[in-house]
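Chemist: What follows is a single structure, and I will ask about it in a moment.
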Amino acid sequence: MNRRPMVAGNWKMHGSRAANAALLDGVLAGLRARSGARASAEVVVCPPFVYLAEAAQRLAGSAVLLGAQDVCAESGQGAFTGEVAGSMLRDVGCSHVIVGHSERRALYGESDEWVARKTLAALAAGLTPIVCVGELLEERDAGRTHEVVGRQLAAVMAALRGSELGLTSLARCVLAYEPVWAIGTGRTATPEQAQDVHAYIRGRIVEGDATIGGSIRLLYGGSVKAGNARELFGMPDVDGGLIGGASLKAEEFVAIVAAAG
Ligand code: 13P
């Protein structure tokens, strides 16, 4: 199965209008400089909400896609103070949205069910959700990695099955495996550790739908750098990366894209 690699930059709560302009210009220039004959990775950047519209203008005419870092679980409009609807993200130029990032799960109490609802809301709005799963260090140490990741994935698959979207809509999702102990720590998973969990995730999806299991893209996230990206992306079930810190440096991010392409 030929899956086009994807590299997505999760800027988290970083940036300013000036810094974002410089970063995006750097990324665009870097990608232009290396665009050769080879088909390369799909590239997504995910700035904070308030900068999305301006980022969309800067990216206009380029192949770089825009994503948000979160979305409201409710569709349409309504009395949900502080929330941003998927339709609004589409309106300002987003095609993607991260849902269920471990920081949202850990710091803002998002449950598996909540993440599943957000996934449905994103799909209903026509966005591609980048659904994050991953275990804590103590869960890995207790040998519970597959169980935890399997539970997080199962909640999303069950919600899709039970909705009018159906499990077939999983084909419109991207999954990101981000072991919590590898995020922002400099301690990346080994390529073998990443491959083991990616193969497990793909296997679980294949059980539900073999075609989707073969075609869905599984990104790895957690301390990906230019220096370790190539060996991670070289694993058979790793289809690219979700990049935090290294996505804030144009040269580093472009080098990671090159490693995926
Ligand atoms: P780092 O690349 O900074 O470890 O962050 C990974 C991440 O959480 C991306 O969503």
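Chemist: Of the numbered conditions (1) surrounded by 24 or more Cβ atoms within 10 Å (Cβ to Cβ); (2) in a helix (DSSP H, G or I); (3) within 10 Å of the ligand (Cβ to nearest atom), Ala176 fails exactly one; give the number of that condition.
Modeler: Condition not satisfied by Ala176: (2).
Chemist: From the list Ile243, Ile205, pick out the single residue that is in contact with a strand residue (DSSP E or B) (Cβ under 7 Å, 6 or more places away or on another chain) and either crowded, with 20+ Cβ neighbours inside 10 Å or small (Gly, Ala, Ser) (or both).
Modeler: Values: Ile205 fails: in contact with a strand residue (DSSP E or B) (Cβ under 7 Å, 6 or more places away or on another chain).
None of the other options fit; the residue is Ile243.
Chemist: While we're on this one: Condition test on Gly261, is it more than 15 Å from the ligand (Cβ to nearest atom) and surrounded by fewer than 18 Cβ atoms within 10 Å (Cβ to Cβ)?
Modeler: no
Chemist: Based on what the data block shows, is Glu139 modelled with pLDDT of 95 or more, within 28 Å of Ala73 (Cβ to Cβ), acidic (Asp, Glu) and open to solvent by less than 40 Å² (accessible area, probe 1.4 Å)? First the steps, then the outcome.
Modeler: Numbers: modelled with pLDDT of 95 or more: yes; within 28 Å of Ala73 (Cβ to Cβ): yes; acidic (Asp, Glu): yes; open to solvent by less than 40 Å² (accessible area, probe 1.4 Å): yes.
Yes: the conditions hold for Glu139.
Chemist: Can you name the condition, by its number, that Glu252 falls short on among (1) more than 18 Å from Ile98 (Cβ to Cβ); (2) of a type outside the set (Val, Ile, Thr); (3) outside any loop (DSSP other than H, G, I, E, B); (4) open to solvent by less than 20 Å² (accessible area, probe 1.4 Å)?
Modeler: (4)
Chemist: What single numbered condition from (1) touching a helix residue (DSSP H, G or I) at 6+ places or on another chain (Cβ under 6 Å); (2) of a type in the set (Gly, Ala, Ser); (3) under 30 Å from Met88 (Cα atoms) fails to hold for Gly208?
Modeler: Failed condition: (3).
Chemist: Just one of the numbered conditions (1) touching a residue at least 24 places away in the same chain (Cβ under 8 Å); (2) assigned to a helix (DSSP H, G or I); (3) over 30 Å from Arg161 (Cβ atoms) is not true of Gly186; which one?
Modeler: Result: Gly186 fails condition (2) only.
Chemist: How about the stretch 83-112: which of its residues are surrounded by fewer than 20 Cβ atoms within 10 Å (Cβ to Cβ), within 18 Å of the chain's Cα centre (by Cα), more than 16 Å from the ligand (Cβ to nearest atom) and in a helix (DSSP H, G or I)?
Modeler: Arg90, Asp112
The values are calculated or read from the model by the stated rules, or taken from the named source; none is laboratory data. What you see is a predicted model; the values in this text were computed from it and never measured. Virtual Cβ from ideal backbone geometry, glycine too; neighbours counted across all protein chains shown. Areas reflect the complete protein model, heavy atoms only, side chains present, ligands, DNA and RNA absent. Shrake-Rupley method; radii C 1.70, N 1.55, O 1.52, S 1.80 Å.
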